[in-house]
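Structure record follows, encoded as structure tokens.
The values are calculated or read from the model by the stated rules, or taken from the named source; none is laboratory data. Being a predicted model, the structure only gives us computed values, none of them experimental. Cβ placement follows ideal geometry from the backbone for every residue including glycine, while neighbour counts extend to all protein chains displayed.
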Amino acid sequence: MSEKRIIIKSLDELLSGKTDWSKVKKMTEEEIGLAAKSDPDAQLLTLKQLRQFKRIHPPGRSDNDVSSQVKKSR
């Protein structure tokens, strides 16, 4: 028999995070920055690291049904 267990979760459980947003809303930008810096799983990037990223501009996209509606309205 397998040692693994099957855990069933509802969609609400999967989509809900553990963040206390009311607490976050009360924090200043400085407090948020300090909290982020103290979290080993969410280290902020340095300016040097940020400069190494390349900005991309993904091509525009629209669905056919939306395009046809726009064309009809003109």
When Val24 is run through (1) surrounded by 10 or more Cβ atoms within 10 Å (Cβ to Cβ); (2) modelled with pLDDT under 85, the failure sits at (2)
Within the range 63-74, restricting to residues that are exposed (fewer than 10 other Cβ atoms within 10 Å of the Cβ) and of a type in the set (S, T, N, Q), the one that is modelled with the lowest pLDDT is Asn64
